[in-house]
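The values are calculated or read from the model by the stated rules, or taken from the named source; none is laboratory data. Worth saying up front: this structure is predicted, and the values here are computed from it rather than measured. Here the Cβ positions follow ideal geometry from the backbone for every residue, glycine too, while neighbour counts run over all protein chains shown. Note: areas computed on protein heavy atoms with side chains; ligands, DNA, RNA excluded. Shrake-Rupley method; radii C 1.70, N 1.55, O 1.52, S 1.80 Å.
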Amino acid sequence: MVGGMKMEFSCKDLKVGKCEGEKVVDGETMPLVLEPPAPTKSDLKSLLLALENNKDWFEQMIIKNSAVLLRGFDVRNAEDFNEIVETCGWEDIRYVGPAPRTHIYKRVWTANEGPLSEFIYYHHEMVLIKEYPKKVILFCEIPPPEGGETPFVPSFKVTERMIKEFPEEVKEMEEKGLKYSFTARSTQNDNSSMRGRGWEDAFGTTDRKVAEERAKALGMDMEWLSNGGVKTILGPRNLTKVFEGRKGRKMWFNTLVGMYGKELSSAMMADGTEIPVHVVKRCEEIIEEESIQFKWEKGDVLFFDNYALLHGRRPSLPPRKVLVATCK
């Protein structure tokens, strides 16, 4: 039996490794670490060839394990990272959201440029937008000296535990759906905040009418504020989602905890019913308990199944440079 498993989940071009912090969830190791099969095969060219020759297998591993970490390869910069992304062959999807980001090279962007001292709360990438990425790919160019992990959470575990502890509340939220509001301050980007994108940058225009049309297309309503900022209202949105090919798992596909009761954001049921504080607080604890932490190493490339995982960023000492690509 073990022999049969081996054939299915390994390939001669990539060797399964281990990393500190990995967890076995429902029989799958997260993240699945893939390393060079031999010391002579750690160059970028060997890696690109391995990915090219095992495209379907590699994509299946991302869906099966939810997170795949390529480690021990000589990936040096945005150009190298971009080659990996392009070799995988998935279509690009433009980031839409509040985080300040900078375009680096072709399909490569900086991850959130908000202050390293702040914790970026667990989220599915672009969960509130109608079209969200299937995969989020991260590359560590400069690992932080301390902290700065990118912890992630198998989303279905959160749903399972929330249903167990709060069957009534979850049922009500499922039936009614959720509504969020989010305030983008004035027009200029503010990198002193993790959600510091001004609306012009977020919607790629300085014209309010055009911004409203683009917001509508993404399923948002806008209210202009007297200070030049804008309040965006999104809803109704699902509490959970089931995606094809993922064992029928119910993903906790929302940003309830991240947006609830904050200075610039709110989350409630779509009909305006408030969600009890203790439910949100407990959900936050469950998410933390289910999280998986690993330490970044230079040259790491991490693939997330964005349908299956919430991810965040722990506070970090500088310097830290993690780049990102998002794919359909």
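Name the residues in the range 235-252 that are open to solvent by 40 Å² or more (accessible area, probe 1.4 Å) and either closer than 17 Å to MET162 by Cα or not in a strand (DSSP E or B) (or both), would you?
Within the range 235-252, ASN238, LYS241, VAL242, GLU244, GLY245, LYS247, GLY248, LYS250 qualify.
Residues to consider are GLU274, GLU285; find the one that is over 16 Å from GLU125 (Cα atoms), open to solvent by 10 Å² or more (accessible area, probe 1.4 Å) and part of a loop (DSSP other than H, G, I, E, B). Outline the logic, then answer.
Numbers: GLU285 fails: part of a loop (DSSP other than H, G, I, E, B).
Selected residue: GLU274, the only one of GLU274, GLU285 that is over 16 Å from GLU125 (Cα atoms), open to solvent by 10 Å² or more (accessible area, probe 1.4 Å) and part of a loop (DSSP other than H, G, I, E, B).
So which residues in the range 54-77 are assigned to a helix (DSSP H, G or I), of a type in the set (A, V, I, L, M, F, W, C) and open to solvent by less than 10 Å² (accessible area, probe 1.4 Å), if there are any at all? Talk me through it step by step, then tell me what you get.
Residues of the range 54-77 assigned to a helix (DSSP H, G or I): 55-65.
Cutting the leftovers down to of a type in the set (A, V, I, L, M, F, W, C) gives us 57-58, 61-63.
Selection gives PHE58, MET61, ILE62.
Out of the residues in the range 300-328 that are crowded, with 21+ Cβ neighbours inside 10 Å and among the small types (Gly, Ala, Ser), which is nearest to LYS18 (Cα to Cα)?
Filtering the range 300-328 for residues that are crowded, with 21+ Cβ neighbours inside 10 Å and among the small types (Gly, Ala, Ser), the one nearest to LYS18 (Cα to Cα) comes out as ALA308.
Return a yes/no flag: does the range 126-147 have any residue that is in contact with a Leu (Cβ under 9 Å, 6 or more places away or on another chain), modelled with pLDDT of 95 or more, among the charged types (D, E, K, R) and surrounded by fewer than 20 Cβ atoms within 10 Å (Cβ to Cβ).
Yes: one or more hits.
Being part of a strand (DSSP E or B), among the hydroxyl-bearing types (Ser, Thr, Tyr) and either under 19 Å from the mean Cα position of the chain (by Cα) or exposed (fewer than 14 other Cβ atoms within 10 Å of the Cβ) (or both), is that true of even one residue in the range 85-102?
Filtering the range 85-102 down to residues part of a strand (DSSP E or B) leaves 92.
Imposing the further condition that a residue be among the hydroxyl-bearing types (Ser, Thr, Tyr) reduces the set to none.
Within the range 85-102 (the criterion being part of a strand (DSSP E or B), among the hydroxyl-bearing types (Ser, Thr, Tyr) and either under 19 Å from the mean Cα position of the chain (by Cα) or exposed (fewer than 14 other Cβ atoms within 10 Å of the Cβ) (or both)), the answer is no, since none of the residues qualifies.
Look through the range 170-199, keep the residues that are surrounded by fewer than 19 Cβ atoms within 10 Å (Cβ to Cβ) and of a type in the set (D, E, K, R), and return whichever of them is modelled with the lowest pLDDT.
Looking at residues that are surrounded by fewer than 19 Cβ atoms within 10 Å (Cβ to Cβ) and of a type in the set (D, E, K, R), I get ASP190.
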